[in-house]
Amino acid sequence: MSKWISVCELDKVYEGTGVCALIEGKQVAIFRPTEEAQVYALDNMDPFAHSNVMSRGIICEHQAQLWVASPLKKQRFNLQDGHCFENKEVALTTYKTRIQLGAIEVQVH
């Protein structure tokens, strides 16, 4: 069964940045690409560097899609589905997000 976990207030995450949240013992990277009330969540673990650094990645747009580039090895991961641009065999787990009463919530199973 899945449930929604409140992470933080939306206004605590500045546009164009990411933050890391510890959700049920797992590090989750949460990104807010624009000033809009839209966030994305994926695993914080960089699968190539094996380090929890994805929340420090750089948000970019490529082929009309939003990506985050790892701060270590620079591979790009799609914010919507987690797939890696440079290696189609690798993907990060993504999580559904929503904004409720000004707070970011992440769905976990």
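The values are calculated or read from the model by the stated rules, or taken from the named source; none is laboratory data. On a predicted model such as this, the values are computed, not experimentally measured, just so you know. Glycine also receives a Cβ, built like all others from the backbone with ideal geometry; neighbour counts cover every protein chain displayed. Accessible surface is based on the protein model in full, side chains and every heavy atom, while ligands, DNA and RNA are left aside. Shrake-Rupley method; radii C 1.70, N 1.55, O 1.52, S 1.80 Å.
Please return the longest range in the chain lying between exposed loop sites, taking trypsin sites (Lys or Arg not before Pro), DSSP loop only, at most 16 other beta-carbon atoms within 10 Å, and leaving the sites out.
Excluding the exposed sites themselves, the longest stretch runs over 1-72.
Which GluC sites (Glu not before Pro) in the range 1-73 sit in a loop by DSSP (not H, G, I, E or B) and have at most 11 other Cβ atoms within 10 Å of their own Cβ? Mind showing how you got there, number by number?
On the way: sites: Glu9, Glu15, Glu24, Glu35, Glu36, Glu61; in loops: Glu15, Glu24, Glu35, Glu36.
Those satisfying the criteria are Glu15, Glu24, Glu35, Glu36.
Want the number for Glu24 to Glu89: 0.36 nm per residue separation, take away the alpha-carbon distance, what's left?
Difference between extended and current length: 20.7 nm.
Report Ser2's accessible area, 1.4 Å probe, all protein chains in place, as a number in Å² to the nearest 10.
Only protein atoms counted, so the area is about 50 Å².
Once amide H atoms are placed 1.01 Å from N in the peptide plane, what residues at a sequence separation of 5 or more from Ile58, or on another chain, have their amide H within under 5 Å of its amide H?
Under 5 Å from the amide H of Ile58: Ala69.
In whole Hz, with x marking every Gly and Pro, tabulate ³J(HN,Hα) for the range 71-83 from phi via Karplus 6.51 cos²θ - 1.76 cosθ + 1.60, θ = phi - 60°.
My calculation for the range 71-83 gives x, 9, 10, 6, 5, 9, 10, 5, 6, 7, 10, x, 6 Hz in order.
Ignoring everything but the protein chains, give the 1.4 Å probe accessible area of Cys60 in square angstrom, nearest 10.
Counting only protein heavy atoms, the figure is 40 Å².
For Leu22, Leu66, Leu79, write out the residues from largest to smallest accessible area, computed with a 1.4 angstrom probe and no ligands counted. Walk me through the numbers before you get to the answer.
Numbers: Leu22 130, Leu66 50, Leu79 5 Å².
Listed by decreasing accessible area, they come as Leu22, Leu66, Leu79.
For Ala103, list long-range residues whose amide hydrogen, built 1.01 Å from N in the peptide plane, is under 5 Å from its own amide hydrogen.
For Ala103, whose amide H was placed from the backbone, the distant partners under 5 Å are Leu10.
Consider the candidate values (i) 1.74; (ii) 0.94; (iii) 1.07; state which one is Rg/Rh (Cα atoms, Kirkwood Rh) computed from the structure displayed.
(ii)
Can you give the accessible area of Asp11 in Å² (nearest 10), computed on protein heavy atoms with a 1.4 Å probe?
Approximately 110 Å² for this residue.
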